[in-house]
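Asks: Supplied in structure tokens, the structure appears directly below.
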Amino acid sequence: MLRLDEVTFVRDGRTILDRVSLVVEAGQHWALLGPNGAGKSTILGFCGAVTHPSSGTVDVLGGRLGHVELQALRREIGHVNPRHPVRSPLSVREVVLTGLTGTIETAMRWQATPEQATRADALIEMLGLGGKGDSRWPTLSQGERGRTLIARALVAEPRLLLLDEPSTGLDVAAREQLLETIDLLEQTHPEIASILVTHHLEELPSTTTHALLVAQGRVVVAGPARDVITSAHVSSAFDHPIDVEYRDGRWGARARRARAATAPAIA
């Protein structure tokens with residue numbers, strides 16, 4: 001699905017990424033973790049075929065950046081960005097259908113086919129927005145917007161799904177509802193690969209299979225999530241002593257105190 005091989009990215013003489021490698025297979029769900037400025041957004045830009053490396057190679061869905069038609073490639077990539085800049089009072093259904101045109105607003109002189117409209121309505125229902133298809137974007141809660149954007153990303157039936165801090169701005173209840181929605185994809189879209197970017201371990205879905213920890217533009221560690229998301233590795237990436245907990249399929253983290261925490265930490 002995705003391969004980054006010894007990728008370096010330099011901007012204005014500054015090295016943003018240094019020899020980053022990553023391989024994502026079908027059905028895997030990756031977490032991309034690291035502090036602010038670590039290079040997460042740049043890596044996601046490679047995955048979404050919007051950024052080209054200064055050196056190294058990036059292969060996305062079988063096409064190598066620099067040797068493939070980008071617009072066609074991007075149509076096979078779903079992107080969920082909670083900062084999606086909808087300006088018009090579009091309905092939930094209209095926002096979802098813009099995933100087929102790759103536009104922010106409804107494309108001029110474009111109309112969904114009956115099959116496309118049915119697919120959009122099915123996704124709206126599946127993601128817990130039944131009865132909300134005609135609701136307008138300004139009236140939606142942040143959680144409803146998040147689920148709408150996941151439906152928008154899925155409506156074009158992508159092979160790769162990118163989630164850029166999807167829990168941004170959500171309260172605890174809305175965050176948990178959104179994570180349940182993401183977890184549902186393992187059953188409804190078993191072949192899709194996903195990469196989720198976040199700063200917070202509490203925002204990782206329980207279906208996370210793998211993780212990449214980055215710091216200062218370099219890979220700290222990558223591999224199966226349970227092996228990567230540990231106290232030692234997270235502390236190293238964030239340059240601060242952090243205790244990581246794993247309970248009931250979910251991760252949590254807190255700064256280490258001088259007195260030992262009562263909950264066991266992952267070594």
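Asks: Just to check your reading of the model, which residue among G45, G78, G34, G62 is within 26 Å of T188 (Cβ to Cβ) and under 15 Å from the mean Cα position of the chain (by Cα)?
Replies: G78
Asks: Right, next: Step by step: first the residues of the stretch 163-201, then only those that are closer than 19 Å to L123 by Cα and touching a Phe, Trp or Tyr at 6+ places or on another chain (Cβ under 8 Å), then the one that is surrounded by the most Cβ atoms within 10 Å (Cβ to Cβ). Which residue is that?
Replies: If we take residues in the stretch 163-201 being closer than 19 Å to L123 by Cα and touching a Phe, Trp or Tyr at 6+ places or on another chain (Cβ under 8 Å), then S194 is surrounded by the most Cβ atoms within 10 Å (Cβ to Cβ).
Asks: Let me spell it out: the conditions are (1) surrounded by 12 or more Cβ atoms within 10 Å (Cβ to Cβ); (2) of a type outside the set (G, A, S); (3) under 19 Å from the mean Cα position of the chain (by Cα), and P85 meets all of them except one. Which number is the exception?
Replies: Result: P85 fails condition (1) only.
Asks: Quick one: which of E105, E165 is touching a residue at least 12 places away in the same chain (Cβ under 8 Å) and either among the hydroxyl-bearing types (S, T, Y) or more than 23 Å from L32 (Cα to Cα) (or both)?
Replies: E105
Asks: Within the stretch 41-88, can you find the residues that are within 23 Å of G169 (Cβ to Cβ), touching a residue at least 24 places away in the same chain (Cβ under 8 Å) and charged (D, E, K, R)?
Replies: Within the stretch 41-88, R83 is the sole residue that qualifies.
Asks: Restrict the check to the stretch 50-65 and report whether at least one residue is among the polar types (S, T, N, Q), in a helix (DSSP H, G or I) and touching a helix residue (DSSP H, G or I) at 6+ places or on another chain (Cβ under 9 Å).
Replies: no
Asks: Which residue, of T57, T42, T15, T51, is modelled with pLDDT of 90 or more, in contact with a Gly (Cβ under 7 Å, 6 or more places away or on another chain) and not assigned by TED's automatic domain parsing to the domain that holds A120?
Replies: T15
Asks: Scan the strands (runs of 3 or more DSSP E) fully inside the stretch 153-267 and keep the ones with 2 or more residues being over 17 Å from the mean Cα position of the chain (by Cα) and on the phi < 0 side of the Ramachandran plot.
Replies: Per the criteria, 218-224, 242-247, 250-255.
Asks: Any residue that is of a type in the set (G, A, S) and over 17 Å from L22 (Cβ atoms) - is there at least one of those in the stretch 224-231?
Replies: yes
Asks: Filtering the stretch 88-125 down to residues that are of a type in the set (D, E) and either surrounded by 15 or more Cβ atoms within 10 Å (Cβ to Cβ) or outside any helix (DSSP H, G or I) (or both), which residue is modelled with the lowest pLDDT?
Replies: Filtering the stretch 88-125 for residues that are of a type in the set (D, E) and either surrounded by 15 or more Cβ atoms within 10 Å (Cβ to Cβ) or outside any helix (DSSP H, G or I) (or both), the one modelled with the lowest pLDDT comes out as E105.
The values are calculated or read from the model by the stated rules, or taken from the named source; none is laboratory data. Quantities reported herein were computed from a predicted structural model and do not represent experimental measurements. With ideal geometry, Cβ positions are generated from the backbone for all residues, glycine too; neighbour counts draw on all protein chains shown.
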